[in-house]
Each structure stands twice: as C-alpha cells, then as structure tokens.
Amino acid sequence: MATRRSAVLLLITVVLTAAGRVVGQVHLRGLQGLPDGTSLSAFEYEGLVRLLKGNDTTRLTSLYRTSVHGTTYDDLLDRVGDAKPLVFVVRNGEYVFGAVISEGIRLPDSSTGYVMYPCKVWWFSLAGHFEKPIKINLYGQEQIVYAAGREGHIDGANVRIGGRMWLGWSGLGPGRPADDIRSCRQYTTGRNVPSGYTGEREEDEDALLGGSKDFMAEEIEVLHWVQ
C-alpha cells in the first residue's frame, strides 16, 4: 500500500463530504509528497499549494504542531524562529483554515511588550466553508500582525493576525494571554468574505471560520513556505 507521502501519479478526483453532503472536490495533480510531519491531507495540501500559486516544486516545511511540539507560545516560538513567510493552519472539527504572513513572527525588544508591523496578510479556507479551498483577501489596516514578547500580550493574546485572528486568546482584554496557544478568537467582516460561504456567521454577518467566535482549536500547525 502506498504511504501517505507517496507522490500522486494519476489524476484523481477527491470528493469531500460532511454530514452527508458534498462540501468540495479537488483534482490531485502529481504531488511531490506531503511535508514531513504535517497534519495536512493530500486534499488540503493540494488546495493550499494552489492558493499559494505554487507548482509541483513548491516546498512547504512543517515547523510546529501543537499535538507534537507542545501548546505554549514558547513552544511555537522555539520551533518557528525567524522563518518567513509562514502559513498558519487551524483545525476545529470540520473547519480547516488559516493565514499566510510574509514577515514571520517578530518579537519586541522587551519580553513583556508587543510589536505591531505591517506585512502581506491573507486568510484561507481549506475545508468547511466553501465548495473548494479559497483565498480570503484582507484590506487596509488588516494587513498587519501583532506579536507579544514571551511574557507579554496583545489584547489578551500572544499573536494577532490580520486584525481579527487571535492565538493564545484569554478573553481577559488587558490581562495575560491564555496558557494554551490553541485558545483562539476569530471573525471576518462581511466585506472580506467571498461569495459561496456556507460556514457559521454572527447576526451581523461576520464569518466565523472556527465555527464560533471563541474556540479551542484541535490543532494549530505552522509551516514555512519556501518560495
């Protein structure tokens, strides 16, 4: 039997289902093999590479997984280092989504402070929201990342991506972040949501990619995109 990382040599159509309904399909084209240690399935990996506008030689390296390397902010920082650009993948039930940032994670001079820096930021959905993997563009002030020092916080979280995605979210506002980086808050304003969205929404039309605004992710993975 072929292993999970074996190359896909034939054109295959994979149909993704959830709760008895078709939620997406993708044609797998001659993959070079999944990154070592990744949580991504062949469907998810193919979709992500397509969104990155990559090709059969595009390389993604899995740097960090909460289920393998630990769930603290220190665990994430120790594994990711100064690599850039980065791809964050968040899993929660049927929902698989994340963010791409061009500048990596910068740390402030003070371990108790935080730093804010502009960079190219966009979000994506790989499963649970659209018929196929899709890119979610962000605009204006949402093209930004906030990163706290190892002993600091930003709005009660460790990292804030694209204005409305918090990792290590405690919900305490000016208080300390959560001990677990998988504690998340996320919502997307209606103007940024592509057509065809079938996921959860708030009453004001904000899209909730994790199924709710505040949630504990099952897994967070960070990959290094080698361009």
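Key figures for this structure:
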{"item": "Residue match in segment 116-127 (condition: without any contact (Cβ under 8 Å) to a residue 60 or more places away in the chain, out of contact with any Leu (no Cβ under 7 Å at 6 or more places or on another chain) and either at positive phi or among the β-branched types (Val, Ile, Thr) (or both))", "result": "no"}
{"item": "Cβ pairs under 8 Å, 6+ apart, first in segment 136-164 and touching a residue at least 40 places away in the same chain (Cβ under 8 Å) and more than 10 Å from Tyr114 (Cα to Cα), second among the polar types (S, T, N, Q) and assigned to a loop (DSSP other than H, G, I, E, B)", "result": "Gly162/Gln143"}
{"item": "So Gly190, is it modelled with pLDDT under 90, closer than 15 Å to Asp206 by Cβ and small (Gly, Ala, Ser)", "result": "yes"}
{"item": "Residue list for segment 130-151, filter: among the small types (Gly, Ala, Ser) and either at pLDDT below 95 or in a strand (DSSP E or B) (or both)", "result": "Gly140, Ala147, Ala148"}
{"item": "Flag for Ser62 being surrounded by fewer than 14 Cβ atoms within 10 Å (Cβ to Cβ), at pLDDT 80 or above and of a type in the set (S, T, N, Q)", "result": "no"}
{"item": "Qualifying residue in segment 163-181 (condition: among the aromatic types (Phe, Trp, Tyr) and exposed (fewer than 14 other Cβ atoms within 10 Å of the Cβ))", "result": "no"}
{"item": "Matching residues, segment 152-164, being in a loop (DSSP other than H, G, I, E, B) and more than 18 Å from the chain's Cα centre (by Cα)", "result": "Gly152, His153, Asp155, Gly156"}
{"item": "Residues being crowded, with 24+ Cβ neighbours inside 10 Å and hydroxyl-bearing (Ser, Thr, Tyr) - total across segment 182-196", "result": "1"}
{"item": "Filter result for Tyr146 (within 26 Å of Gly171 (Cβ to Cβ), touching a Lys or Arg at 6+ places or on another chain (Cβ under 6 Å) and of a type in the set (Ser, Thr, Tyr))", "result": "yes"}
{"item": "Looking only at segment 114-129, and only at residues there that are in a loop (DSSP other than H, G, I, E, B) and modelled with pLDDT under 95, the one that is nearest to Thr58 (Cα to Cα)", "result": "Lys120"}
{"item": "Enumeration of residues in segment 174-222 that are touching a Leu at 6+ places or on another chain (Cβ under 8 Å) and of a type in the set (Val, Ile, Thr)", "result": "Ile181, Thr188, Ile220, Val222"}
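Conditions tested, residue by residue: (1) under 24 Å from Ile161 (Cα atoms); (2) assigned to a helix (DSSP H, G or I); (3) at pLDDT below 50.
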| position | (1), (2), (3) |
| --- | --- |
| Arg4 | no, no, yes |
| Val8 | no, no, yes |
| Val14 | no, no, yes |
| Thr17 | no, no, yes |
| Gln25 | no, no, yes |
| Ser39 | yes, no, no |
| Glu46 | yes, yes, no |
| Lys84 | yes, no, no |
| Val87 | yes, no, no |
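The values are calculated or read from the model by the stated rules, or taken from the named source; none is laboratory data. Computed from a predicted model, the values in this text were never measured in an experiment. No Cβ is skipped: glycine too gets one built from the backbone with ideal geometry, and neighbour counts run over all protein chains shown.
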